[in-house]
Amino acid sequence: MRIFRYRDHSRTYLGALTEDGTAYRLEEPDLMTLVGNARKAGSSTAEYVGGLLPSRPLLESPPETLDLATPLEAPEVWAAGVTYQRSREARNYEATAGRQDADTFYDKVYDAERPELFMKSTAARTVGPGEFVCIRSDSSWQVPEAELGLVLDRSGAIVGYTAGNDMSCRDIEGENPLYLPQAKIWKRSCAIGPFVRLAETVKDPYALAIACRIYRGGEKVVDETANTGQLKRRLEELVGFLKRDNELYDGTVLLTGTCLVPPNQFTLASGDRIEIEIEGIGTLINTAIYTHELD
Ligand code: DO4
Ligand code: MG
């Protein structure tokens with residue numbers, strides 16, 4: 001069972017997509033309300049939503065043809081870093097001018113007990129499917145990072161999974177790790193969606209294929225694939241560190257790190273179409289433009 005949101009005549013609606021591809025409009029305002037109602041009824045969210053569907057209107061068109069929004073308004077998006085060997089290699093490359101033999105803090109964090117976790121985005125900076133993501137005007141080495149996103153409640157329980165894009169500036173981060181917030185956070189530097197697959201309907205979150213495709217002028221210029229099976233850490237481990245002495249809000253999203261890095265010579269250009277696909281969860285599509293091109 002997957003949950004999504006879409007706009008229609010200046011209203012935003014919640015929708016549910018069943019395993020057989022049938023979509024329904026829901027009356028509830030948001031995902032976390034469904035989760036709360038299901039708990040009160042003593043059932044899983046998927047069972048609870050399944051029970052609602054016979055009385056809810058069927059959507060004639062497939063969700064992909066609707067004006068999709070973020071699947072939830074995540075108050076905060078956090079992100080984990082260097083959780084895959086591929087990310088460790090890429091971070092070392094940008095920080096050491098290509099010398100792969102250096103023992104960097106990226107090597108250390110990959111093996112350390114404490115993971116790298118950072119604040120990635122707020123609701124106002126996070127965009128949904130079909131919206132523009134932005135590239136910075138002061139970076140000449142920018143990439144999308146395709147990541148599995150965990151949707152959490154305030155206790156840190158994983159209520160669902162979504163696709164996320166942790167837009168990143170490799171040159172700014174490579175110049176000095178203290179620049180990380182500038183390499184990671186700016187206007188529209190994060191995208192999530194289009195679906196949240198309810199956690200209880202995902203058989204194995206460590207066996208999901210992830211793909212990142214980038215098209216320029218209609219031509220595919222990046223085509224990378226990986227699998228969440230390559231994740232170095234357990235999901236509960238990442239959430240456990242995020243919760244420590246911290247306050248989580250219902251609907252917080254934790255991006256779990258990237259396993260896909262475009263070739264080193266690649267940088268995003270205005271007009272690039274980015275597709276991030278996670279098996280069983282969905283495909284997040286955004287076009288990159290400079291912030292000054294927005295209006
Ligand atoms: O160390 C910087 C962040 C790395 C990151 O965002 C990732 O591995 O996905
Ligand atoms: Mg990342």
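The values are calculated or read from the model by the stated rules, or taken from the named source; none is laboratory data. In this text the structure is predicted, and so the values were computed from the model without any measurement. So basically every Cβ, Gly included, is an ideal-geometry build from the backbone, and we count neighbours across all protein chains shown. We work out accessible area using only protein heavy atoms, side chains counted, and drop any ligands, DNA or RNA first. Shrake-Rupley method; radii C 1.70, N 1.55, O 1.52, S 1.80 Å.
Summing -39500 (n - 2.57) over the DSSP H runs of n ≥ 4 in the chain and dividing by its residue number, what mean residue ellipticity at 222 nm do you reach, to the nearest 500 deg cm²/dmol? Before the final figure, lay out the partial values.
Working: 7 runs with 56 residues, N = 295.
Value at 222 nm, helices only, nearest 500: -5000 deg cm²/dmol.
Using packing as a proxy for protection, rank 191-200, 25-34 so that the peptide with the highest average count of other Cβ atoms within 10 Å comes first. Spell out each step's value before the answer.
Working: 191-200: 25.4, 25-34: 17.7.
The densest-packed peptide leads the list: 191-200, 25-34.
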Just the accessible area per residue of segment 2-69, please: how many Å² with a 1.4 Å probe?
-> 55
Hydrodynamic radius (Kirkwood) for segment 76-293, which is based on Cα pairs only, to one decimal in Å = 17.2
Quick one: what are the phi-derived ³J(HN,Hα) couplings along segment 161-177, Karplus 6.51/-1.76/1.60 with θ = phi - 60°, whole Hz, x for glycine and proline?
-> 10, 9, 9, x, 10, 8, 4, 9, 9, 5, 6, 5, 5, x, 5, 6, x
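For the chain, what proportion of DSSP beta bridges, expressed in % and rounded to the nearest 5, is antiparallel? Present the calculation step by step, with values, prior to reporting the outcome.
Working: 62 of 71 bridges.
Taking every DSSP beta bridge within the chain, about 85 percent pair in antiparallel fashion.
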Please find, in a Gaussian network model of the chain (springs between Cα atoms separated by less than 10 Å), the residue of Gly160, Gly81, Gly217 whose mean-square fluctuation is greatest.
-> Gly217
If one computes the Cα centroid of segment 222-245 and of segment 1-59, what distance in Å separates the two points?
-> 27
Can you give me the relative contact order of segment 2-69 as a percent, contacts being Cα pairs under 8 Å and 6 or more apart?
-> 36
Taking the Cα centre of the chain as origin, sum charge times position over the Cβ atoms of Lys and Arg (+1) and Asp and Glu (-1), and report the length of that vector in debye to the nearest 20.
-> 280
Gaussian network model of the chain, springs between alpha carbon atoms under 10 Å - residue of Ala95, Ala112, Ala69 with greatest fluctuation = Ala112
In a Gaussian network model of the chain with springs linking alpha carbons closer than 10 Å, the residue among Val143, Val109, Val159 that fluctuates most is Val109
Going by average Cβ neighbours within 10 Å, how do the peptides 2-9, 228-235 rank, with the highest at the top?
-> 2-9, 228-235
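Which entries in the list Lys40/Lys232; Lys203/Lys243; Lys108/Lys184; Lys40/Lys120; Lys108/Lys220 go over 29 Å, if you measure between the two C-alpha atoms of each? If you can, show how the numbers build up before the last one.
Numbers: Lys40/Lys232 35 Å; Lys203/Lys243 25 Å; Lys108/Lys184 21 Å; Lys40/Lys120 32 Å; Lys108/Lys220 35 Å.
Table pairs above 29 Å Cα-Cα are Lys40/Lys232; Lys40/Lys120; Lys108/Lys220.
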Label-point gap, in nm, between Glu175 and Thr267 - each point 7 angstrom along Cα→Cβ | 1.1
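On the accessible surface of the chain, probed at 1.4 Å, how many percent belong to carbon and sulfur atoms? If you can, show how the numbers build up before the last one.
Numbers: 6130 of 12940 Å².
Roughly 47 percent, rounded to a whole number.
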Accessible-area order for Arg188, Arg39, largest to smallest, probe 1.4 angstrom, reads Arg39, Arg188
